[in-house]
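Read through the structure below, which is laid out as structure tokens, and then see the notes.
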């Protein structure tokens with residue numbers, strides 16, 4: 001085989017390799033609409049979380065961990081166990097924030113002043129979220145959601161999925177800080193009901209009621 005033909009063969013092999021790599025990369029990037037199907041497929045979720053807060057310069061500010069539970073539509077439980085103990089419960093239109101260490105509990109509307117937090121994505125319905133976010137498919141199992149409405153408490157959030165379960169979140173807030181969440185779903189989750197998200201004020205706890213009768 002002469003030098004010219006050898007060069008042609010080598011070039012063809014390189015082209016085939018590049019085409020295969022490109023095709024593989026395209027195959028790994030899901031359709032953007034897939035995320036709404038994933039949201040619809042998940043009626044409930046529970047497990048443990050580790051949350052890290054980073055400053056704008058990338059330095060770690062704080063770490064917390066605990067348990068979470070979600071039941072659609074509209075029920076959410078976020079219980080911080082370390083370093084301090086706090087409980088956030090959303091049941092329909094009511095949100096309770098119970099600071100266990102300070103023995104105080106605050107009740108307020110869950111949609112106070114139209115605000116929306118990234119964590120509420122876990123309890124959101126696909127059709128509602130579709131109308132409020134622009135989605136970018138990043139790679140297999142990863143998406144970026146960008147709010148298109150006023151009142152979002154963050155600039156963007158990246159979601160990492162494992163099947164129908166969200167296992168990671170990276171939240172960019174409007175101050176430049178970053179929040180990362182590592183979620184470990186329960187391997188054998190119990191069936192959740194609305195009663196799991198009810199709050200009874202313990203004895204001796206001061207209550208601040210932000211809901212006008």
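Of the set (1) crowded, with 17+ Cβ neighbours inside 10 Å; (2) out of contact with any strand residue (DSSP E or B) (no Cβ under 9 Å at 6 or more places or on another chain), all apply to residue 128 but (1). Restricting attention to segment 133-145, the residues that are in a strand (DSSP E or B) and under 21 Å from residue 49 (Cβ atoms) total 4. State yes or no: is residue 197 over 13 Å from the mean Cα position of the chain (by Cα) and surrounded by fewer than 13 Cβ atoms within 10 Å (Cβ to Cβ)? Judged against the criteria, residue 197 is not a match. Would you say residue 114 is surrounded by fewer than 18 Cβ atoms within 10 Å (Cβ to Cβ), modelled with pLDDT under 95, more than 27 Å from residue 190 (Cα to Cα) and under 16 Å from the mean Cα position of the chain (by Cα)? No; evaluated as a whole, the condition is false for this residue.
If I ask for residues that are within 30 Å of residue 155 (Cα to Cα) and surrounded by 16 or more Cβ atoms within 10 Å (Cβ to Cβ), which ones from segment 181-194 would you list? Passing the criteria: 181, 183, 185. Can residue 174 be described as surrounded by 12 or more Cβ atoms within 10 Å (Cβ to Cβ) and either at pLDDT below 90 or over 19 Å from residue 43 (Cβ atoms) (or both)? So residue 174 fails the test. Close Cβ contacts (under 6 Å, 6 or more residues apart or on different chains) running from residues in segment 91-110 that are at positive phi and surrounded by fewer than 16 Cβ atoms within 10 Å (Cβ to Cβ) to residues that are modelled with pLDDT of 95 or more and not in a strand (DSSP E or B) comprise 103/205. Residues of segment 117-143 that are more than 18 Å from residue 45 (Cα to Cα) and in contact (Cβ under 8 Å) with a residue 60 or more places away in the chain: 127, 130, 135, 136, 137, 138, 139, 140, 143.
The values are calculated or read from the model by the stated rules, or taken from the named source; none is laboratory data. Computed from a predicted structure; not experimentally measured. Using ideal geometry, Cβ is built from the backbone for each residue, glycine included, and neighbour counts are taken over all protein chains shown.
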